[in-house]
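Take a look at the structure set out below.
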Amino acid sequence: MIRTLTLLGLGIILAVAVACSKRDARPQITIEIPPGFGGNFVLDMGVRGAPPLQKSGDVYILSVPRSGKVETSTLLEKSDVTFKNESDGRIWGFSQSVYRTGDGISTGSKLEFFVGTQKEFEAEQNKKNKSGRTGTSSLAG
């Protein structure tokens with residue numbers, strides 16, 4: 001009887017742990033950087049009328065265009081991002097932002113980063129700061 005109750009209790013704990021881990025799982029995005037790409041990249045999400053991000057299984061796949069800008073109707077608040085083909089430069093200034101209404105409803109999100117050397121990134125940040133735009137100060141590289 002005690003063994004049965006112990007096994008039942010462990011089963012319930014396992015079921016709760018699995019349910020919680022699935023609920024808290026962040027969406028996965030793989031960003032493919034083309035050879036020779038350098039500069040800023042911006043992904044605007046939750047854009048009405050824009051195409052959704054492509055998916056392969058449970059992973060969203062995004063190829064960086066030469067323009068460095070993508071708009072999508074897909075809205076992901078916080079995601080786990082991996083980079084593919086980043087051999088031409090490092091990733092700097094990676095940030096994810098979520099835009100919300102006053103009552104907390106998500107209206108859009110943005111993912112940004114820079115591809116290049118640290119010196120190129122710093123020069124770009126200086127340009128942004130001189131033009132009155134705020135730049136990101138955290139480095140991910």
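A few comments on the model shown:
- DSSP-defined beta bridges in region 27-130 - what % are antiparallel, rounded to 5: 60 percent
- Separation of the Ser67 and Tyr99 label points, Cα + 7 Å toward Cβ, nm: 1.7 nm
- Nearest-0.05 FRET efficiency for Asp58 and Lys127, computed from C-beta distance (R0 35 Å): 0.40
- Sequence of Tyr99, Tyr60 once ranked by neighbouring C-beta atoms within 10 Å, starting from the fewest: Tyr99, Tyr60
- Computed lengthening from Asp44 to Ser106, 0.36 nm per intervening residue step minus Cα-Cα distance: 21.0 nm
- A convex hull fitted around the alpha carbon atoms of region 50-131 yields 133 Å³ per residue.
Only the coordinates and a few stated rules stand behind these numbers; no lab work does. Source: prediction; values computed, not measured. With ideal geometry, Cβ positions are generated from the backbone for all residues, glycine too; neighbour counts draw on all protein chains shown.
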